[in-house]
Amino acid sequence: MAKCFSFTAIRDRWFRLSFFLAGLKSTTTDLGDGTVMHCWVPRTREPSKPNLLLLHGIGANAMWQWNEFISSFLARFNVYVPDLLFFGDSHTTRPERTEQFQAQCVAGVLEAQGVRKLNVVGLSYGGFVAYSLAAQFPEMVEKLVLCCAGVSMEEKDMEDGMFQVKTVDEALTLLFPQTPEKANEMFEFVFYKPVKKVPTYFIQDYIDVMWKEHLQERIGLVNSLYRDRKMSDLPKITQPTLIMWAEYDKVFPLELGHRLKRHLDENAQLVVVKDCGHGINKEKPKEMYKHIEEFLIDPLLYPKKANQSSGQKAD
């Protein structure tokens with residue numbers, strides 16, 4: 001019997017309405033070669049405002065991960081929010097699964113929108129894409145914010161015991177759970193204070209709507225992050241960069257944030273948000289927004305403010 005009522009689908013429609021009412025419009029860009037990108041863009045672009053690109057993580061489409069931030073960001077920026085490939089309405093028939101190809105597709109959307117310069121915020125997987133965008137298109141990216149994005153990891157880190165999971169396959173069962181039991185394990189893995197006792201019906205509904213489609217393609221995205229990854233291959237970008245990390249991140253341990261800070265040296269600042277897990281946008285959205293806004297709007301004063309912030313640490 002087909003499901004006739006879905007809380008997840010209803011909430012997805014509500015997010016769509018919320019984005020529209022906030023001042024964004026839904027667009028699709030055909031990049032050719034079987035690649036189509038969906039992106040939320042300003043209904044009316046204001047030349048006096050700087051541009052801001054928000055790149056989501058791997059858990060859901062862009063609306064679910066940025067909804068709490070949209071109104072605040074729109075007050076200060078022209079905001080662009082794409083669905084990365086195999087999320088939302090973005091897809092490709094091409095075989096590439098790398099963050100480099102994702103970044104090229106995002107750049108194609110921005111070019112189609114006439115955006116030449118912008119700031120970029122990347123959350124988790126979106127941070128990999130953001131970093132690659134800054135490396136490949138340095139003239140486009142002015143400032144970069146990376147939130148819990150393990151771009152500095154190496155393939156050997158898993159063998160060396162850095163991660164709580166022992167294999168990539170084990171990580172995939174947590175990142176893309178296909179049963180409510182596995183989803184509850186994922187909540188424990190991703191959040192410092194996970195929500196308890198979510199009804200099984202709601203979890204299964206979310207799995208059916210969000211984690212069934214393009215499952216193999218998304219697995220390919222994760223596999224491409226780990227395969228043959230070495231720090232020696234990571235470009236050293238030159239844009240001012242804010243590295244934001246959760247104190248108790250189990251997906252990408254905090255050591256990776258310190259490693260990236262050493263790699264970028266004086267071009268980067270590292271801020272550690274306390275009492276928080278990998279799902280920083282859900283557990284600490286106010287702190288996350290505050291750091292992003294101050295770094296992008298008032299970068300000269302930001303280091304002092306970050307060091308004075310209560311409950312947070314800055315390097």
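Given the structure, is residue 162 more than 23 Å from residue 239 (Cβ to Cβ), part of a helix (DSSP H, G or I) and not β-branched (Val, Ile, Thr)? No, not satisfied. Beta carbons closer than 7 Å, at least 6 apart along the sequence or on distinct chains, pair a first residue in the range 52-74 that is farther than 16 Å from residue 41 by Cβ with a second that is charged (D, E, K, R) and part of a helix (DSSP H, G or I) for 58/218.
What strands (runs of 3 or more DSSP E) completely inside the range 21-84 contain at least 2 residues that are of a type in the set (Val, Ile, Thr) and surrounded by 18 or more Cβ atoms within 10 Å (Cβ to Cβ)?
Details: elements: 24-32, 35-42, 51-55, 78-82.
Those strands (runs of 3 or more DSSP E) span 35-42, 78-82.
Scanning the range 228-267 for residues that are open to solvent by less than 60 Å² (accessible area, probe 1.4 Å) and of a type in the set (Gly, Ala, Ser) returns 246, 257. Of all residues in the range 187-225, those satisfying the criterion of being open to solvent by less than 20 Å² (accessible area, probe 1.4 Å), in a helix (DSSP H, G or I) and without any contact (Cβ under 8 Å) to a residue 60 or more places away in the chain are 203, 207. In the set (1) touching a residue at least 40 places away in the same chain (Cβ under 8 Å); (2) in contact with a strand residue (DSSP E or B) (Cβ under 8 Å, 6 or more places away or on another chain), the condition left unmet by residue 30 is number (1). For residue 146, the stated conditions do not hold, so it cannot be described as touching a Leu at 6+ places or on another chain (Cβ under 9 Å), over 18 Å from residue 279 (Cα atoms) and of a type in the set (A, V, I, L, M).
The set of residues in the range 135-157 being within 19 Å of residue 245 (Cβ to Cβ) and part of a helix (DSSP H, G or I) consists of 157 alone.
The values are calculated or read from the model by the stated rules, or taken from the named source; none is laboratory data. All values reported here derive from a predicted model rather than from experimental measurement. Cβ sites come from the backbone with ideal geometry, for glycine too, and all protein chains shown count toward neighbours. The accessibility values were calculated without ligands, DNA or RNA, using every heavy atom of the protein model including side chains. Shrake-Rupley method; radii C 1.70, N 1.55, O 1.52, S 1.80 Å.
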